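Asks: A single structure is presented below for examination.
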Amino acid sequence: MGIKQAFSLALKSLMTSKMRSFLTMLGIIIGVAAVIILVSLVNGFKSDMLTTFEDMGLNLINVNIFARGSNRQVDVEDMYEFAEENSDYIEYISPTVTVQAAPKFGTDTAESTSITGVNEDYVYIQNYELTSGRFLQYMDVQTRQKSCVIGSYLAEEYFDGNPVGQSFKINGSQFDVVGVLEEQADSTEGSADDCIYIPYTLARTLSRMGTVSSYIVYARDKELVDPTITLIKNYLYGIFSSDSAYRVMALAQIVDTVNELMGTLTVILVGIAGISLLVGGIGIMNIMLVSVTERTREIGIRKSIGAKRSAIMSQFVVEAATTSAIGGIIGIVLGIVASIVVCRLMGIGVSISVLSIIVAFGVSAGIGIMFGYFPASKASKLNPIEALRHD
Amino acid sequence: MIELKDIYKIYGDGEGEIRALDGVSLNISGGEFVAIVGQSGSGKSTCMNIIGCLDVPTSGTYRLNGTDVSTMKDDELAAVRNKMIGFIFQQYNLIPKLTVKENVELPLIYRGMPAKERAKRAMEALEMVGLADRCTKMPSMLSGGQQQRVSIARALAGNPSLLLADEPTGALDSKTGREVLEFLKKLNEQGNTIVMITHDNEIAKEAKRIVRIQDGKIISDEKGRE
């Protein structure tokens, strides 16, 4: 008996009891749909997260220099020179100097504001936009101009949204506002909008730190982040002869960690959905066993007119495989539709994994064969005389 | 063509052993029309199962067309049944969800015959029983007599050396039963070898040779109608 005949026979027998066939398939349908939905959700979530990180800048590399107990030092000029020499890799570099101080706006003191000293390239590194005024410029930094750029929260809170040209005090020194950054977060106290950027040359004095100990580096390309890190590490090792004197970290490494985490999550979720597939398979086996009993007489007739074991076997295995494969197809359609709907509702990007569809279909057909095997083998071993006597 | 020699079929063992066939020897040649007659429990069904290669004897040899089938395995027996034996059952035993034509094609499918030839042979067989115009009907839409004729067509389609009829008229009214019987006679006249199992003496009389079985033994072997 050809596979085509076995298949059409299987379809015929499925069509004779549609309700039962559907219920039998339900386990597989749910299992397959669950696999596809979960994989899509995790994928969508992951790519959303990656996009967020990418907005933050996958090209960014943080460099921290501790240099405790070492009499060797790296100053800003050394780093600039290094960046200049490796301009194939490094597009921008800026010192970042954190100032522990509370700015005073007239009589008000802002306690939660972060003050950071940077250079003129920082605006490109962070890809900041300004709503008014300008960012710090080369001359501001070189001539230690007491100018600054502030976040949108401060602009709204203390200057009624129009701070350019006005001034406030940090540690008693008067700073002129030259620009306002576009809103980054939600313009609340302590958020990314509650910030002040001043020339690092001034910040160094304000923080009373002789040297600059941290930098932010912007690689020319995402792909260049790793070699750039190696370059920086080699350079710093060459100076300090110790790899505990500095730390070089890329945001991309955090992304790797996230990816890894998501991978684990996918495995766990798909595992859970896989259990549903397994239960579906057992359902198929159960109904196939019932079917074998119901069709004992038919099996007897077929055997008496010359059907070999393999012919009976393939008939039932194909029927089980067809049941679960059809269930699989319905599950795939359902899974795709549900993925789109759920992803839209949750506001994450729809990304349906083709691999998950192929695997889900393969597994569901495989489950049919696996769980159809036992009932089919039972049917093929029936004694034709007894089977014919069966009502 | 059929050579049964010292056939024993024993169920159970020790005290509870049942000798369904107790040393049966029987030869049937090609072209014969033999009725095997016996009451229920006489061993005639066991005899039919062995002749029909549905079962193997506990001991003894059975040669069908010269081949010893008494020690064959399941699948080998299936192949023998498929090629050499056409079954006609009391309950017709058609598969209800297949059409008349598909039912007749079934033994040919298991023989691995190509679809075209299969369809041709099935239609020829249906024509012989006069039901070619019903080939697309489901068995349940036909009368009992017609269903039995379909099952005869199925038996004939494989062009077997032996037609084995188990109470072929048992489920039919006497008029239809007679028609079926006449048809079997006609097939015999055309050269088919027929072995018919029955408990009914009246029906057995229609065969050319009557073999009576009682308690697993052949008690008489006589000529029937001329």
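Asks: Hey, can you tell me all the residues within the stretch B:46-93 that are farther than 14 Å from A:ILE385 by Cα and of a type in the set (S, T, N, Q)?
Replies: B:THR58, B:SER59, B:THR61, B:ASN65, B:THR67, B:SER70, B:THR71, B:ASN82
Asks: Could you say which residue among A:SER187, A:SER112 is within 35 Å of the chain's Cα centre (by Cα), outside any strand (DSSP E or B) and on the phi < 0 side of the Ramachandran plot? Outline the logic, then answer.
Replies: On the way: A:SER187 fails: on the phi < 0 side of the Ramachandran plot.
Selected residue: A:SER112, the only one of A:SER187, A:SER112 that is within 35 Å of the chain's Cα centre (by Cα), outside any strand (DSSP E or B) and on the phi < 0 side of the Ramachandran plot.
Results for (1) small (Gly, Ala, Ser); (2) open to solvent by less than 10 Å² (accessible area, probe 1.4 Å); (3) in a strand (DSSP E or B), shown as yes or no for each residue.
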residue: A:VAL258; (1), (2), (3): no, no, no
residue: A:ALA273; (1), (2), (3): yes, yes, no
residue: A:SER310; (1), (2), (3): yes, no, no
residue: A:PHE316; (1), (2), (3): no, yes, no
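Asks: Please count how many residues of the stretch A:135-161 are open to solvent by less than 80 Å² (accessible area, probe 1.4 Å) and either in a loop (DSSP other than H, G, I, E, B) or of a type in the set (S, T, N, Q) (or both).
Replies: Going through the stretch A:135-161 one residue at a time, the tally reaches 7.
Asks: With surrounded by 14 or more Cβ atoms within 10 Å (Cβ to Cβ) and assigned to a loop (DSSP other than H, G, I, E, B) as the only criterion, which of A:VAL217, A:VAL164, A:VAL178, A:VAL225 stands out?
Replies: Numbers: A:VAL217 fails: assigned to a loop (DSSP other than H, G, I, E, B); A:VAL178 fails: assigned to a loop (DSSP other than H, G, I, E, B); A:VAL225 fails: assigned to a loop (DSSP other than H, G, I, E, B).
The conditions single out A:VAL164.
Asks: Let me ask something additional. So in the stretch A:192-211, with the set limited to residues that are among the polar types (S, T, N, Q) and at pLDDT 80 or above, which one is surrounded by the fewest Cβ atoms within 10 Å (Cβ to Cβ)?
Replies: Selected residue: A:THR205.
Yes/no per residue for (1) surrounded by fewer than 17 Cβ atoms within 10 Å (Cβ to Cβ); (2) touching an Asp or Glu at 6+ places or on another chain (Cβ under 9 Å):
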site	(1), (2)
A:SER339	no, no
A:MET346	yes, no
A:SER356	no, no
A:SER364	no, no
A:GLY368	no, yes
A:PRO375	no, no
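Asks: Could you check the stretch A:22-57 and list, in sequence order, the residues that are more than 22 Å from the chain's Cα centre (by Cα) and either buried (at least 18 other Cβ atoms within 10 Å of the Cβ) or within 14 Å of chain B (Cβ to nearest Cβ) (or both)?
Replies: Once the filter is applied, which keeps residues that are more than 22 Å from the chain's Cα centre (by Cα) and either buried (at least 18 other Cβ atoms within 10 Å of the Cβ) or within 14 Å of chain B (Cβ to nearest Cβ) (or both), the stretch A:22-57 yields A:THR24, A:MET25, A:GLY27, A:ILE28, A:ILE29, A:ILE30, A:GLY31, A:VAL32.
Asks: May I ask you to verify whether A:LYS303 is without any contact (Cβ under 8 Å) to a residue 12 or more places away in the chain, touching a helix residue (DSSP H, G or I) at 6+ places or on another chain (Cβ under 6 Å) and either on the phi < 0 side of the Ramachandran plot or assigned by TED's automatic domain parsing to the domain that holds A:LYS46 (or both)?
Replies: No; evaluated as a whole, the condition is false for this residue.
Asks: Among the residues of the stretch A:343-391, what is the count of those that are of a type in the set (A, V, I, L, M), over 20 Å from the mean Cα position of the chain (by Cα) and over 21 Å from A:VAL32 (Cα atoms)?
Replies: 6
Asks: Further question on the same structure: Looking only at the stretch B:65-86, which residues are within 18 Å of the chain's Cα centre (by Cα), away from chain A (no Cβ under 14 Å) and under 24 Å from B:ASP22 (Cβ atoms)?
Replies: The answer is B:SER70, and nothing else.
Asks: Next question. Mind counting the residues in the stretch A:285-322 that are within 8 Å of chain B (Cβ to nearest Cβ) and closer than 21 Å to A:LYS4 by Cβ?
Replies: The qualifying residues number 9.
Asks: I've got another one for you. For the stretch A:58-81, check the following and say yes or no: at least one residue is on the phi > 0 side of the Ramachandran plot and more than 14 Å from chain B (Cβ to nearest Cβ).
Replies: yes
Asks: Scan the stretch B:16-61 for residues that are open to solvent by 60 Å² or more (accessible area, probe 1.4 Å), without any contact (Cβ under 8 Å) to a residue 40 or more places away in the chain and in contact with a helix residue (DSSP H, G or I) (Cβ under 9 Å, 6 or more places away or on another chain) and report the count.
Replies: Result for the stretch B:16-61: 0.
Asks: Something else now. Kindly indicate whether any position in the stretch B:115-132 is within 11 Å of chain A (Cβ to nearest Cβ) and open to solvent by less than 70 Å² (accessible area, probe 1.4 Å).
Replies: First, the residues of the stretch B:115-132 that are within 11 Å of chain A (Cβ to nearest Cβ): B:115, B:118.
Subset that is open to solvent by less than 70 Å² (accessible area, probe 1.4 Å): B:115, B:118.
Scanning the stretch B:115-132 turns up at least one residue that is within 11 Å of chain A (Cβ to nearest Cβ) and open to solvent by less than 70 Å² (accessible area, probe 1.4 Å).
The values are calculated or read from the model by the stated rules, or taken from the named source; none is laboratory data. Treat the numbers as computed from the prediction; the structure is a model and nothing was measured. Cβ: placed from backbone, ideal geometry, glycine included. Neighbour counts: every protein chain shown. SASA here: full protein model, heavy atoms, side chains in, ligands and nucleic acids out. Shrake-Rupley method; radii C 1.70, N 1.55, O 1.52, S 1.80 Å.
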